[in-house]
1. What percent antiparallel are the DSSP beta bridges of the chain, to the nearest 5?
2. When N counts the residues of the range 1-151, how does its alpha-carbon radius of gyration compare numerically with 2.2 N^0.38 Å, as a ratio?
3. Please report, in debye to the nearest 20, how large the charge dipole of the chain is about its Cα centre when each Lys and Arg carries +1 at its beta carbon and each Asp and Glu carries -1 there.
4. Compute the helix-to-body angle for 80-92: its Cα long axis versus the longest principal axis of the chain, expressed 0 to 90° and rounded to tens.
5. Among the listed pairs Lys141/Lys178; Lys32/Lys55; Lys158/Lys181; Lys2/Lys32, which are separated by more than 18 Å between their Cα atoms?
6. Could you tell me how many degrees, from 0 to 90 and to the nearest 10, lie between the Cα long axis of helix 181-193 and the main elongation axis, the longest principal axis, of the Cα atoms of the chain?
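Each reported figure results from applying straightforward, stated rules to the coordinates on display, with no laboratory input. No experiment lies behind these values; they were computed from the predicted model shown. Virtual Cβ from ideal backbone geometry, glycine too; neighbours counted across all protein chains shown.
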Amino acid sequence: MKRVIIYARVSTKEQNVDMQLIDLREYAKARKLNVVREYIDYASGSRSDRENYRKLFDDVQKRKTDVVLVWKFDRFARSTKELIIALEEFNNLGVDFISYKENIDTSTPAGKILFTMISAFAEFERAIIRERVKAGMEKAKARGARIGRPKIPPFTIKKVLELHENGIPYKEIIKKLKISKSTYYYIITSAKEK
């Protein structure tokens, strides 16, 4: 018998989660799914602190369920992007996803093809964004703008390496030279590669 976690969310306007839970419990019972946990969040979709949503993901990562069952997409994720990220994570962990109202079940052939299509559209969107960023950078270069990390003054590089070789802790070095931790590590790793 597959283990299922039910996730429900209601906004503060609705206040009643019973309709979602009744439908989801009946669905699970009819399909012989063992409900191991129910998570309910009482919040608006715009709030980022959905505590039980995070607990659900912890349980998924710990493989405490085989299926995540929700009433409707918009009761689970606040955006298409968030939904896609969640579905990809579930898929990578071998956890199925069922949306009751939309009748989507990623354990079925139809659900798998839908997941594949959603993922393809997400990848398409990422590719378009990459193209736009690349075009924007090329345009900026053509105007003479510098692209990438700001050039680190040779004096700073020399001083970081000197202090590092003398065993000075990195926190003292970055404070003394007023550089970021990432700049410090960039200088050190670049020097090791030479």
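1. Antiparallel: roughly 10 percent of the beta bridges in the chain.
2. My calculation over the Cα atoms of the range 1-151 gives 1.31.
3. The calculated dipole for the chain is roughly 1140 debye.
4. Taking Cα atoms only, the helix is inclined about 90 degrees.
5. Lys141/Lys178; Lys32/Lys55
6. The answer is roughly 70 degrees.
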